[in-house]
Amino acid sequence: LMENSLLFVVDLDGVIFRGKRVIKGAARAVEKLRKAGHGFAFATNRSTDSRAQYFRKLREAGVARSISEIMPSSYATVLYMKEKGMKRGNVFAIGGRGFKSELSAAGFNVLGVKDRAKAVFVVVGLDFKFNYEKLAKAHIHLQNGAKLIASNADNTWPAENGLLPGAGSMLSAVTAASGVKPVVVGKPGTFMLKKICELKKCRRDRLWVVGDRLDTDIMFGKLYGAKTVLVLTGVSSASEARRLGMRQRPDFIIKSIAELPNL
């Protein structure tokens, strides 16, 4: 990035997309800021897809240029496990196919519910096919000493028809059954921002975090010392933001990402 350029770290659900629909004006806003010399990274707590899958979606939406700009919690979880020296071993994963492919690509052996092998880790993300069998298997692995790692703890995510249960809902079931406390990799923890800054060689004072959730996106930016922008196309409302203390409040509130170049 150039000396005076900003790096915008943008959430996906509720900011670029609402379900499968691209939010109006998103591509134009991103392009305008790129032309002004600013950079972008796309960081999402949604772990259903791999980095490559998210890149394809974002390229089709006209917002992403390179896979190096993409940081979903599926990929961040793998980076976290590698950084902590958890480079090998059996993993039982509750999550989408993309999440499992990230784990496999990193050298982990992903177990299914029918496998008898012992898991070293139980990894939890959003799973649209979550059921009792998966819950029971995760519980058994945790009882046998597996570590519990969560891609994120979002209880909901914004779909076209309103809020739907998120990874946090599945994680709550796993923790309620096992009593095991998870390590949560995604927002509001700052691991993803730290990794983005390392990859993009960006200083904290040049970072702007754009998101739709006060409890994850805005907190994520605040904890890292970045400027924060709340968009009103997702989960949190302007009135909720204004009820917060000055330290938790976003620096800016805009109707949608389409207004970002006007700040």
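The values are calculated or read from the model by the stated rules, or taken from the named source; none is laboratory data. Just so it is clear, the structure is predicted and the values come from calculations on it, not from any experiment. Every residue, glycine among them, receives a Cβ derived from its backbone with ideal geometry; neighbour counts consider all protein chains shown. Protein only, heavy atoms only, side chains kept; ligands, DNA and RNA dropped before computing areas. Shrake-Rupley method; radii C 1.70, N 1.55, O 1.52, S 1.80 Å.
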Exercise. List, please: which pairs have Cβ atoms under 8 Å, are six or more places apart or on different chains, and start with a residue in the stretch 234-250 that is closer than 18 Å to Arg18 by Cβ and of a type in the set (A, V, I, L, M, F, W, C) and end with one that is open to solvent by 40 Å² or more (accessible area, probe 1.4 Å) and part of a loop (DSSP other than H, G, I, E, B)?
Worked result: Ala238/Leu232
For this session: Test Phe92 against the criterion of being under 30 Å from Ile257 (Cα atoms) and surrounded by 20 or more Cβ atoms within 10 Å (Cβ to Cβ), and give yes or no.
Result: no
Problem set entry | From Ala106, Ala146, residue being of a type in the set (A, V, I, L, M), in contact with a helix residue (DSSP H, G or I) (Cβ under 8 Å, 6 or more places away or on another chain) and surrounded by 13 or more Cβ atoms within 10 Å (Cβ to Cβ) | Ala106
For this session: Consider Ser73 carefully, then state whether it is at pLDDT below 95, crowded, with 20+ Cβ neighbours inside 10 Å and not charged (D, E, K, R).
Result: no
Exercise. Which one of these does Phe128 not meet: (1) under 21 Å from Ala41 (Cα atoms); (2) touching a residue at least 40 places away in the same chain (Cβ under 8 Å); (3) open to solvent by 50 Å² or more (accessible area, probe 1.4 Å)?
Worked result: (1)
Problem set entry | Members of the stretch 131-142 found to be open to solvent by 30 Å² or more (accessible area, probe 1.4 Å), in contact with a helix residue (DSSP H, G or I) (Cβ under 7 Å, 6 or more places away or on another chain) and without any contact (Cβ under 8 Å) to a residue 40 or more places away in the chain, listed by number | His139
Problem set entry | From Leu199, Leu111, residue being open to solvent by less than 30 Å² (accessible area, probe 1.4 Å) and either out of contact with any Asp or Glu (no Cβ under 6 Å at 6 or more places or on another chain) or free of Cβ contacts under 8 Å to residues at least 40 places away in the same chain (or both) | Leu111
Exercise. So, in the stretch 162-179, of the ones that are part of a strand (DSSP E or B) and hydrophobic (A, V, I, L, M, F, W, C), which residue ends up modelled with the highest pLDDT?
Worked result: Leu164
For this session: Say whether the condition of being more than 25 Å from Val78 (Cβ to Cβ), touching a Phe, Trp or Tyr at 6+ places or on another chain (Cβ under 9 Å), of a type outside the set (Phe, Trp, Tyr) and open to solvent by less than 10 Å² (accessible area, probe 1.4 Å) is met by at least one residue in the stretch 230-251.
Result: yes
